[in-house]
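Quick note: the coordinates plus some simple rules give every number you see, no bench work behind them. Only a predicted model underlies this, so the values are computations on that prediction, with no experimental measurement involved. Neighbour counts run over all protein chains shown; Cβ positions are idealised from the backbone, glycine included.
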Amino acid sequence: MIPKMVSLIFLSFKEGVRERALIGIGLFSLFMMGSAFVGVSLFMRDLHKVSVDINLSAITLAGLLLTFFVSINLISKDIDKHTIYCVLSKPFSRSQYIWGKYLGIMLLIVTAFCMLTLCSSVNLFLIKSQYDVYFQTFSWLEFYKAIYSELLMLFLLNAIVLFFSTITTSSFITLLFSLSIYVAGQTIEEVVLFLKTRSAADMALSETINTIIDITQYILPNLSVFDLKVHAAHAIPISYGYLFSITCYSLVYSVVLLLSASIIFNRRELN
Amino acid sequence: MPEIRIKNISKTYVSEFKREKKIAVENFSLTIHSAESFGIIGRNGAGKSTTIKMIMGFIKPDKGDIIIDDKKPSDPDSRLNVGYLPENPYFYDNLSAEELLKFSSYTSGLDKKTAEKRINTLLNQVGLYAVRKQRLRTYSKGMTQRVGICFALIHDPDIIILDEPMSGLDPFGRKMVIDLIEDLKKRGKTILFCSHILNDVERICDRVAIMDSGTLKGIFTKQHVLENEGMEKLFLTLVREK
Amino acid sequence: MKKVVIIHLTPFLLICSIVLCFFVQQNLSVKRENFLKRSDMDYILPSKVTGLAAMEFKGIVSDFLFLKASTFFGGKFIKNETLNAKHADYIYNFSDVITDLDPWFWDAYLFSNMLLTWDFGKIDQANTLLFKAREYRTTDFKVPYHIGFNYFYFLKDNIKGSQYMMEAAKLPGSPTYLASLASRLAMYQNQYKPAILFLEDILKKTRNPILAKQLETRLEALTVMNSLEKKIDAFKKKFGVFPDHLSDLINTGLVESIPDDPYGGKYILLENKRVYTTSKLVYK
């Protein structure tokens, strides 16, 4: 017998995998990786950096597009088009629905990442064999670490998307909210750093503003901790301790979001 | 015994900006006995769908209780023995009928072999076996409706709840659904369904409830309906045009 | 009747509009060229803005900006356009932003260093960028090597020059001649030889054909100047005095002729008896 949660996860996965947008996203990132082949020859020495940059950016962009175009629709469309009835008329609780959906989407993203990682590995291998002299400071391990941490970022981002899907009634608002959280999460660290250094210099920031900054810093997810692309490009080693702590960060944050999503969703009326 | 008890439920919809209130169901009580087929009829917006959604647990009543098979709708297990067909069913576009029905059977605890057998029999019965591997996005409204019926019946539940089961079907489809329901009746299933097509209700139901503007106007047995010049006249006397 | 006309007209109109589209595009590309000529790309958003906007794509944005800068200057080199102080500021700011985005990006450091030192004589700015590189690329011998060279060759500070060369020599991967070069730097004072070594080293690893040609030209001029200075030393040994003009070398048969300056200038003998060129190693 197949457990019902597994069926739900695969249902969401299958529905997402067959989304037509997926082909476009895949082609786009393959095209971008292919452009590394030509693009790299325009640089002088740091060919390894440029090719890693392009490959990692292609994977990241694909992950983001997947999140903002496919996974946003998977949940909002479910509610909009009443396909959710076909899940909830089965013996599923609302929380199980949320977790099943989330894990289904994560399965989709992990699969996409595996395929893209394979493609970009082949791509990098080809570039590397062509310009081997310029790949002295290159490490496959650091490259894969960067992909892993990007995946952690998407775990968190999808939890955010899911959270907003449960409170809003339209996928557009969900898109707007999660996109702004993404942008804010990517930049908050730099903004805080900038404000703190500036306020130290001119004492311009008042106490209240400082507290507000502190609070937002703690509420907003700091997504820039997952960005190891520049490090990977220069093969700067990242410690396993750091990887472990960002893994925990992503997991804990996602769990908090999903639990609150379940609580909110439990009270939601599905008209 | 599988039965559905509804006690004094009320539901008021509040619009998004908390200004307008719309009473959907008010002080509604009903008991559907085991092995009975029960129809709720009423105009569009009379509160039929709302009642059914409350039974399924999609919406929570403001007041009152609902008990299905000794369980509350908030308990997921209350739906273990229930087959549900939503109004205007819409399923995952990118799945095939077969995949969707597999999901339905696995989540209700069927094993792989039984599921396959049930899926094939049901799809043959509703005439969709040939197109079972096609994506649902290519299905017409009537085909989707039939898939929905299979989805509800796949695990052979004891309680069957159908929201407008005849909508979008051609005469052949209608006959097929009626045959299906009659077959289920014979096998002692509890059936609750709502419709605004009076003839259908008249043909299948043991008992009928008439609803208007969220309130119950009356419950009648089939015999009573037949003795009193049919459903239509009864309905028109109870529900006045606004 | 009308319908038939419309049906037959549509393909005809399509062909007409495609032709029109072609002309419009041609016209536009001419206009665009003029537009681009007028709008010099001499500004860049500060890294506070660019860095925030780039979000998690800092690496690829830095690549893109670098490509933009290098094609811009590449175009100037191809057309032999004169560069001015504005361009120096531009390359400095650009490289500063690029290396804020990716502080390990060696291409950007090297590119700006080469331009700022050889083409603009802005040694301070070049060194500022290199010191930034030194903070991040801590195990890269090339960084102190270039700093050392700048001190030695451009700022004539042999002590600091050899100090940084020594630092470079200690780092992994540094060429073996570096240590001896560092110790002999003082001896090389006022000679073109280290510069030739330096350029040869860079040229070996340069793949960009435009830049390589630039370096080759410079190397050619320096080699000529180096050999001429050697001849001047020979002249001094033979006659006990320095020549007054380079033509004296021909008259005494030490050289057959003075080669042409690839930059279009003329080699001259300075008052301190060093060879230089009227082009100042910049295209006339």
Inset, instruction - Quote to one decimal, in nm, the extra length available between C:LYS160 and C:VAL19 on full extension: 0.36 nm per residue of separation minus the C-alpha distance between them. - result: 44.1 nm
Legend entry - Among C:LYS156, C:LYS48, C:LYS142, residue whose mean-square fluctuation peaks in a GNM of chain C (springs only between Cα atoms under 10 Å): C:LYS48
Legend entry - Tensor-based shape of segment C:109-198 (alpha-carbon gyration tensor, a/c under 1.5 rounded, otherwise prolate or oblate): oblate
Legend entry - Test item: C:98-104 mean partner chain Cβ contacts at 10 Å: 3
Legend entry - Likely footprinting exposure, C:THR252, A:THR60, fewest C-beta neighbours within 10 Å first: C:THR252, A:THR60
Inset, instruction - Give the order of B:MET56, A:MET153 when sorted by the count of other beta carbons within 10 angstrom, beginning with the fewest. - result: B:MET56, A:MET153
Inset, instruction - Pairs of Cα atoms under 8 Å, at least six residues apart: use those to get the relative contact order of chain B, whole percent. - result: 27 percent
Inset, instruction - With a/c under 1.5 counting as rounded, go ahead and sort chain A into rounded, prolate or oblate using the C-alpha gyration tensor (a ≥ b ≥ c being the square roots of the eigenvalues; past the cut-off, prolate if a/b is larger than b/c, else oblate). - result: oblate
Legend entry - chain A: most fluctuating residue of A:ILE59, A:ILE167, A:ILE219 per GNM, C-alpha cutoff 10 Å: A:ILE219
Inset, instruction - Quick one: grab the alpha carbon gyration tensor of segment B:111-160, order the square roots of its eigenvalues as a ≥ b ≥ c, and give me rounded if a/c is under 1.5, else prolate or oblate depending on whether a/b is larger than b/c. - result: oblate
Legend entry - GNM result for chain A, Cα springs below 10 Å: residue of A:THR211, A:THR247, A:THR117 fluctuating most strongly: A:THR211
Inset, instruction - Quick one: compute the contact order of segment C:62-124, relative version, from alpha carbon pairs under 8 angstrom and 6+ residues apart, as a percent. - result: 36 percent
Inset, instruction - Enumerate by residue number the trypsin sites (Lys or Arg not before Pro) in segment B:77-155 meeting two conditions: DSSP loop (anything except H, G, I, E, B), and at most 14 other Cβ atoms within 10 Å of the site's Cβ. - result: B:LYS133
Inset, instruction - Filter the chymotrypsin sites (Phe, Trp or Tyr not before Pro) in segment B:171-236 down to the DSSP loop ones having no more than 12 other Cβ atoms within 10 Å, then list what survives. - result: none
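Taking the Cβ of each residue in A:SER35, C:SER162, A:SER178 as the centre, tally the other Cβ atoms inside 10 Å and list the residues starting with the fewest.
A:SER35, C:SER162, A:SER178
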Inset, instruction - For peptide C:107-113, compute the average count of partner chain beta-carbon atoms within 10 Å of each residue's beta-carbon. - result: 2
Inset, instruction - Rounded to the nearest Å, what's the spacing between the alpha carbon centres of segment B:1-56 and segment A:8-71? Just the number, please. - result: 49 Å
Inset, instruction - Return the long-range amide H neighbours of C:VAL255 (sequence gap of 5 or more, or a different chain), with a cut-off of under 5 Å between placed amide H atoms. - result: C:ILE250
Inset, instruction - Hey, can you grab everything whose amide H is under 5 Å from the amide H of B:VAL25? Only 5+ residues off in sequence or another chain; H modelled, so Pro and N-termini drop out. - result: B:LYS11
Legend entry - Antiparallel %, DSSP beta bridges [both residues in chain B], to 5: 50 percent
Inset, instruction - Kindly work out what percent of the DSSP beta bridges joining two residues of the protein assembly as shown are antiparallel, to the nearest 5. - result: 55 percent
Inset, instruction - Find out how many positive minus negative residues lie around B:LYS72, taking Lys and Arg as positive, Asp and Glu as negative, among other residues whose Cβ is under 12 Å from that of B:LYS72. - result: 0
Legend entry - Length added when fully stretched, C:THR10-C:ARG207, from 0.36 nm per residue minus Cα-Cα: 65.7 nm
Inset, instruction - Using a 10 Å Cβ count of at most 14 others and DSSP loop calls, identify the longest part of chain B lacking such GluC sites (Glu not before Pro). - result: B:21-228
Legend entry - Relative contact order (%) - segment A:4-266, alpha-carbon pairs under 8 angstrom, separation at least six: 29 percent
Legend entry - Charge tally in the Cβ shell below 14 Å around C:ALA168, where Lys, Arg are +1 and Asp, Glu are -1, C:ALA168 excluded: +2
Legend entry - Neighbour net charge for B:PRO165 - beta-carbon separation under 11 angstrom, K R +1, D E -1: -2
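Quick check on chain B: helices-only [θ] at 222 nm, where DSSP H runs of length 4 and up contribute -39,500 (n - 2.57) each and the sum goes over total residues. Nearest 500, please.
Computed mean residue ellipticity for chain B: -10500 deg cm²/dmol.
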Legend entry - Phi to ³J(HN,Hα) by Karplus 6.51 cos²θ - 1.76 cosθ + 1.60 over segment C:231-242, Hz, x for Gly, Pro: 5, 5, 4, 5, 4, 4, 5, 6, 10, x, 10, 6
Legend entry - Whole-angstrom gap from segment C:132-149 to segment B:164-242, using each part's C-alpha centre: 87 Å
Inset, instruction - Provide a whole-number value for the mean count of partner chain Cβ atoms within 10 Å of the Cβ atoms in peptide A:133-141. - result: 1
Legend entry - Total lysine pairs whose alpha carbons fall under 17 Å of each other in chain A (8 or more apart, or interchain): 12
Legend entry - Candidates per GluC sites (Glu not before Pro) in segment C:1-95, loop by DSSP, up to 14 other Cβ within 10 Å: C:GLU81
Legend entry - Mean Cβ neighbour count within 10 Å, used as a protection proxy, ranking A:43-55, C:230-242 highest first: A:43-55, C:230-242
Legend entry - Over chain C: helical MRE at 222 nm, DSSP H runs n ≥ 4 each giving -39500 (n - 2.57), nearest 500: -21000 deg cm²/dmol
